[in-house]
Amino acid sequence: MKTNKEIIDLRPQKKQVNSRRPYNWLHEQEPDAEGTIRRVNTLFLTNKECSFKCVMCDLWKDTLDEPTPAGAIPEQIRLGLEKLPAADMIKLYNNGNFFDKKAIPPEDHAEIAQLMDSYETVLVENHPKLCNSSVTEFQQMIEGDLEVAMGLESIHPDVLPQLNKQITTDVFKQAAAFLKSNGIKTRAFILLNPPFLTDPRENIEWSLKAVDFAFDCGIDTCSIIPTRPGNGIMDRLLEDGLFVPPTLHALEETFDRALALNRGRVFADTWDLYRFSDCDSCLPSRKNRLEKMNLTQKILPLVRCDAGCGNL
Ligand code: SF4
Ligand SMILES: [Zn+2]
């Protein structure tokens, strides 16, 4: 079991961020529960680092050390919205938990809600342990629907405790039930190849079990995230043979099989996909296939590599 100190001590430098500016923003598309393609804006808000220290997390790189000053988040949102086109949904990603008071000051909630007036759905990230009345109070403030994304990460009984996420599957289940009973949409992040599970086949099977478990908990959407090194501790675990990054092929198989479950929307995270591929020739077509599958929620034929790399 890694301690917070061990995890922090191995970290590389944080990036320079400004509490008055979102550190990134993007516009993309995503199907809704009925399969209609919706326009989605994402704002990456600069705020205080998450107080949890999960082993696999690298989100702290773009965060502040100090509590976020009051007024900074609404200012960032106004600035971000000026850069983005109109959209149906907005994701307010804050590299942590929206209902962590030091990250997003509660006194800013009403102003943030007002800035969301034109959106049908507002998605925020939150830790299962922070799903309480603050969430439902914010839900009352916004015009549209609230969606909460939570990290389930893994349901492997030996892996989840070692991730230092401070949750159990029961904690996740209770949080999902609380959100659902209040009419809040839910999304789960599930890792493919978390640290401490090194057999490639087992990794695929355990990610699929986590997808199934999330749907059993009433989660509406699952997002499969291939685990990456690069935060210090993950690089150490890689060296020590306690972390094996997934291959692109493993992501393809997991995504195909998760969609085939036909239990709800499933997305595959295609960011930085080159890290998981060993062939430049087929990577663009394979990425394209996964992106199309994200949009259509249909399993498409596998890509055959012209260079004969051995990937299908
Ligand atoms: S709760 Fe989320 S943001 Fe916080 S350390 Fe864990 S993975 Fe990172
Ligand atoms: Zn290839």
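Bear in mind that the values in this text are calculations on the coordinates, not laboratory data. What you are looking at is a predicted structure, and each value in this text was computed from that prediction instead of being measured. Glycine also receives a Cβ, built like all others from the backbone with ideal geometry; neighbour counts cover every protein chain displayed.
The table below gives the values:
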quantity: Cysteines, the chain, no other Cys beta-carbon under 4.7 Å; calculated: C50, C131, C217, C222
quantity: FRET efficiency, 1/(1 + (r/R0)^6) with R0 30 Å, evaluated for S133 and R20 via beta carbons; calculated: 0.50
quantity: Tilt relative to the chain, helix 72-83 - C-alpha long axis, 0 to 90 degrees, to 10; calculated: 70
quantity: Pairwise FRET efficiency - S51 versus E120, Cβ, R0 = 22 Å, nearest 0.05; calculated: 0.10
quantity: Length-normalised contact order for the chain - Cα pairs under 8 Å, 6+ apart - percent; calculated: 15
quantity: Segment 151-307: C-alpha gyration tensor shape, a/c 1.5 cut-off, then a/b vs b/c; calculated: oblate
quantity: Label zone at A33, where the point sits 7 Å out along the Cα-to-Cβ direction: segment 111-142 residues whose backbone N lies under 15 Å; calculated: 120-123
quantity: Normalised alpha carbon radius of gyration of segment 4-296 [divisor 2.2 N^0.38 Å]; calculated: 0.96
quantity: Distant-in-sequence amide H partners of W25 (H built 1.01 Å from N, under 5 Å); calculated: F44
quantity: Two-site FRET efficiency, A110 against C309, from Cβ-Cβ distance with R₀ of 35 Å, rounded to 0.05; calculated: 0.05
quantity: The chain - charge dipole about Cα centre, Lys and Arg +1 at Cβ, Asp and Glu -1, debye rounded to 20; calculated: 220
quantity: Where chymotrypsin sites (Phe, Trp or Tyr not before Pro) fall in DSSP loop in segment 203-312, at most 11 other Cβ within 10 Å; calculated: W271
quantity: Cα lying deepest toward the dipole's positive end in segment 236-276, options F276, P246, L261, charges on Cβ; calculated: L261
